[in-house]
Structure formats: structure tokens, C-alpha cells
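The values are calculated or read from the model by the stated rules, or taken from the named source; none is laboratory data. Worth saying up front: this structure is predicted, and the values here are computed from it rather than measured. Cβ: placed from backbone, ideal geometry, glycine included. Neighbour counts: every protein chain shown. Areas reflect the complete protein model, heavy atoms only, side chains present, ligands, DNA and RNA absent. Shrake-Rupley method; radii C 1.70, N 1.55, O 1.52, S 1.80 Å.
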Amino acid sequence: MKKNSLTRRDFVRLGAGAAAFGAAVPLSGITILEPSSLWASPRPIPPSDTVRFGIIGTGVEGCSLLRSTLPIAGVECVAAADLYDSRHIAAKEALGGKEIFTTREYRRILDRQDIQAVIVATPDHWHRRLVVEAAEAKKDVYCEKPMSHSVADGLAMVEAVRKNKRMCTVGSQRVSSILYRKAKEIWDSGKLGMVDTILAAWDRNTDSGAWVYPIAPDASEKTIDWNTWLGDAPKIPYDETRFFRWRCYKDYGAGLAGDLFVHLLSGIHFITGTSQPPQRALSTGGLYHYKDGREFPDLLWTMYDYPNFQLVLRCNHNNNEEGEFFGFYGKKGTLIIRGSTLTFKPQGPYQLPEDYSVFGWPAKLRSEYYAQWSKDHPAPEPGKFKMEQDTEVYSPPQGYSDTTDHLANFFESVRTRQPVVEDEVYGHHAALGCHMANYSYENKTIAHWDADAKKIKG
Ligand SMILES: NC(=O)c1ccc[n+]([C@@H]2O[C@H](COP(=O)([O-])OP(=O)(O)OC[C@H]3O[C@@H](n4cnc5c(N)ncnc54)[C@H](O)[C@@H]3O)[C@@H](O)[C@H]2O)c1
């Protein structure tokens, strides 16, 4: 970790999050975090140790993941499967024009002996089948978030990965972020004191943010294997809106909870060292603007109980003032993550005499109280005065990618068999939090996680 003194230009470069605190925070207080550069590989990787991987699903996220693998040493994508032909071209382009094997049939990747690992970046309703089949085919798996589309899916995925002794990473990349690592360091240091309240939000205000993606002009039943895409979902005629905007529909996605809560929950579990799902969840919200036939609200609030703190999450599609926000409110300090800026602010109680209730006392008693207080709290000797701790502000360097770090962590584990940062149990717990939020919203009841029955109950 390096402390840099910043020029004004650097400060402006840090972006809106840092600027928002600009008035209160001296420039010298900003620390640019140094990437761990895991992906740059601390040691040369011999060609025999290169991890050859395939990818299933090369849509928006699949292509983004492929691009993010490019700086990682010792990995090579050799095959891609997608049900939409144009995405075979998109996958090759994401790899900088590399000629790789492409197919509509994912089994042709899982059946290859020269492939050690697969990335699963399909819509959520396909995650279970692909992770289970990949594990059974002895492939390690990087599965996009939310890990599961249902509680039963998550349980089956955990079992398959464990039974087949596979490495599995779930794709909430913030868990590998150097910013979150710093937040965890602050949490673990005890500087926040006891924390009973955590608030987090992920707000958007664009059609794209609300999943109203354009329909590609070449999309048709000829270019897309629609019947296979439906998987175990009810069979319905070709519907390109559902293909491109699947997040809006329960048969394929999990709405705001599955898309965004999962990132917040994964990050909070990481920072707080939580290794269990929430105990209870209570949601409310509504569909206020995007009345386009979608089956999820465009505003969702959920209050969660954990053993040692309360968590409130909110995501919406209709105002983005808060953006991506976390607040950890402790007895001794507050930790805020806003976008890519982390701020730690110390706060009271400081060593101060009572200055409120004693004004209901007679003056004599009050002055005796102050005299005694001064005796009990002598002023520090000259030169031994300790300043209150300063506010601290951290940010990753420009161009930093937590996705590359997350993928690098996965590939390193494929090679070394050391644990990944976000395994299948971790991903399962975060996804359970999403399913509990939706359960509570849909059933207008408090959702309880019954760990013995392995079920969400009302
Ligand atoms: N980690 C993140 O920040 C992040 C961001 C976006 C999306 N995601 C996740 O990534 C996943 C994919 O999202 P997306 O936005 O890329 O969706 P998308 O619709 O753009 O792409 C999904 C692709 O999967 C293909 N597909 C579906 N079933 C398949 C099958 N059986 N075999 C082969 N290909 C199949 C589809 O044809 C499609 O091209 C989702 O789980 C989503 O939640 C994660």
C-alpha cells in the first residue's frame, strides 16, 4: 500500500465520489490503493501450467469476462458456446480477434479433455444445470452471479461441486476488489467499534440500467436456438424481448435482488466476515415507472437480520443520486463506500463532560460536577496531546479492474487447488439473501431462513 500525495489533477481524476468529500478532506488524506497484481503473476508460468478454459454464454457479461482475462498470465480461452450465433463472433472479438472453437452445444466444451475450467455466463435459469454438468465433467467452474435461480438450485450446485472436488468461484467480483479489501482491513481493525447498522444501495436511472436493452437486428429463430435457451422454463413461442431482457422475468432471472442485491450482499459478507445467510428478511417496494410487462418491482427495499447487525438494502431504477453506496455505522467510526471511494470517519463518544442534563441542576451542583470532571480527566501535558484520528479516504488507481482480480483468483486456484475467495457456499449464501428478499416481497411476509430444513419459510 503506497501513500501518494496528489496533484489537483489527480484529485479530479478520482471522480465524483472523492469530490463529494472534497470540502471536508484534505488532499493529503487520499490514498491510492496499490493493486495486488495477482493477475500479473508473481512468477513465470510455464506453458505446461497454462489453464485452458471454455466459456458458456458469451453475451454482455461473457464478453466482458473474456476481455478481463486478457491481462492474466497463464490462461487461454480455447472454446465458446452460445445459443445465438452472433455471439460466437462477439466472443472472438472480445479475445482480440483470436480464432477459437465456437458452437451452440455446450456439451462439446464439457466433453473436451484438454479444457480444465469453464466460465458460465448464461442467464440465471441455466446456472444449475451447467455448473452441475461441468462439475461432473471434472471441470472447475467460474459461475456468474447470482449463483442460483432458486434455493434448490443452490443446494444442488454446492453438492455437485463438493462431490466432484472442483474449484468453484461465483462472479461477484467486488469480493476481489482492493477497495473492499481495505474496507475489510478497517472492519477487522476494530476502528469502527461495535457496528449495529449497515445501509447499502445500488441505484440507477437509465433504461439500460433497468434492463431495457435494444433487440439486435439479426435476432431471429434462425440465429437463436430459442427452444434450448428456455431450458427448464415453460415452453413458449419465440420472444426476443425475453431473450434480451430476461432479467425482467421470473422464469429466467431474479429482478433487482438477483441482479444488484447480490453484489451488495457479497461485498458486505466479505467485509464483515459473514459466513451465513441472513436470518430474516422483510421487503417492500413497487413497480412505479417500468410498467412494460416485467414481473419485478423497480424499487426494492429489504431489511435483514444478521446475528450481530441489521442491514438495509435498497435498489431502484428511477433515481441514481446514491449510485453504489455502502455505509457501516459504528460506535467509534463510519465507513462509507461511494462508487470507487472509501472513507473512514472517526466519531464520538469523545471524552467530554455532560453538557445537557446538568442544566436542569442547581448551579452549585453543576459547577461541582464540572470541577470533579476536570479532576478525573486532566488535560494532557504539553507535547503529549493526541489529535483525534483523521478522516481517511482511499481509492483504487484509474483503470483498476476487480473483475480481472476475481478471475485471476479463480485461475490461480485452478492451478494451485488453494481455496478461492468466493466459493460455492459463499455464493449460495449471498443468493439465499436475494431469494429471501423476493420471497418477502412476493408473499408480503417476513422471510426466515430455516437452516435445518434448508428452506425459506414465511
Ligand atoms: N458480475 C457482474 O457484474 C455481472 C454483470 C452482468 C451480468 N452478470 C451475470 O452474467 C450472466 C449473463 O448475463 P448477460 O447480461 O451476459 O446475459 P446475456 O443475455 O447478454 O447473455 C447470456 C448468453 O447466454 C447464452 N445462453 C443461454 N443459455 C445457454 C446455453 N444453454 N448454452 C449456451 N449459451 C447459452 C445466451 O444465448 C446469451 O447469449 C447472468 O447470470 C448475469 O446475472 C454478471
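A few points about this structure:
- Charge tally for residue 236 (other residues, Cβ to Cβ under 10 Å; Lys, Arg +1; Asp, Glu -1): 0.
- If you plug the beta carbon distance of residue 357 and residue 279 into 1/(1 + (r/R0)^6) with R0 = 30 Å, you get a FRET efficiency near 0.20.
- Accessible area expressed per residue, the chain, with surrounding protein chains retained (probe 1.4 Å, Å²): 47
- Here the Karplus curve 6.51 cos²θ - 1.76 cosθ + 1.60, taken at θ = phi - 60°, turns the phi angles of region 212-228 into couplings of 8, 7, x, 8, 5, x, 8, 6, 6, 5, 6, 8, 10, 7, 5, 4, 5 Hz, with x standing for Gly and Pro.
- Rounded tilt (10° steps) of 60-69 against the dominant C-alpha axis of the chain: 80
- For region 320-458, the ratio of Cα radius of gyration to the globular rule of thumb 2.2 N^0.38 Å stands at 1.77.
- Extension gain, residue 366-residue 208: 0.36 nm per intervening residue step, less the Cα-Cα distance, totals 50.7 nm.
- Solvent-accessible ranking of 294, 247, largest area first, probe 1.4 Å: 247, 294
- Note on residue 223 and residue 196: with the Förster distance fixed at 45 Å, the Cβ-Cβ geometry gives a FRET efficiency of about 0.25.
- Peptide ranges 415-426, 72-83, 357-368 listed from the most packed, as the mean C-beta count within 10 angstrom indicates: 72-83, 415-426, 357-368
- Sites residue 376 and residue 189, calculated FRET efficiency, Cβ-Cβ separation with R0 30 Å, nearest 0.05: 0.55
- Excluding same-chain neighbours fewer than eight residues apart, the aspartates and glutamates reachable from residue 364 by a Cα-Cα span under 20 Å are 354, 355, 376.
- Per-residue SASA remark: residue 93, around 130 Å² accessible (1.4 Å probe; ligands, DNA and RNA not included).
- Order of exposure, largest accessible area first, which applies to 182, 331 with probe 1.4 Å: 331, 182
- Whether the chain is rounded, prolate or oblate, judged on the alpha carbon gyration tensor where a/c under 1.5 counts as rounded: prolate
- Accessible-area composition of the chain, carbon plus sulfur, in percent [1.4 Å probe]: 52
- Against the chain, whose longest principal axis is taken from its Cα atoms, helix 151-163 shows a tilt of about 80°.
- Tensor-based shape of region 74-213 (alpha-carbon gyration tensor, a/c under 1.5 rounded, otherwise prolate or oblate): prolate
- Reachable lysines, given that their alpha-carbon falls under 20 Å from the alpha-carbon of residue 138 and they are not under 8 places away in the same chain: 163, 165
- Residues whose placed amide H lies under 5 Å from that of residue 118, excluding near-sequence neighbours: 54, 140, 141, 142
- Estimated vicinal HN-Hα couplings, Hz - region 80-97 in sequence order (Karplus 6.51, -1.76, 1.60; Gly, Pro = x): 9, 10, 8, 7, 10, 4, 4, 7, 5, 5, 4, 5, 5, 5, 4, 8, x, x
- The DSSP beta bridges internal to the chain are antiparallel in roughly 55% of cases.
- Relative contact order [Cα under 8 Å, 6+ residues apart], region 67-168, whole percent: 21
- Cut-off 20 Å, label 7 Å out along Cα→Cβ of residue 444, residues of region 277-318 by amide N: 281-289, 295-303
- For region 129-225, the set of GluC sites (Glu not before Pro) satisfying both a DSSP loop assignment and a count of at most 13 other C-beta atoms within 10 Å is given as 221.
- Helix 402-416 axis, angle to the chain major axis (alpha carbon atoms, nearest 10°): 70
- Relative packing of 335-346, 197-208, which averages over residues the other C-beta atoms within 10 Å, highest first: 335-346, 197-208
- Sequence-distant contacts, meaning Cα pairs under 8 Å at least 6 residues apart, place the relative contact order of the chain at 21 percent.
- Estimated 222 nm signal from helices in the chain, with DSSP H stretches of n ≥ 4 weighted -39500 (n - 2.57), rounded to 500: -9000 deg cm²/dmol
- Taking a Cβ cut-off of under 14 Å around residue 89, the surrounding Lys, Arg, Asp and Glu residues balance to a net charge of -1, with basic ones at +1 and acidic ones at -1.
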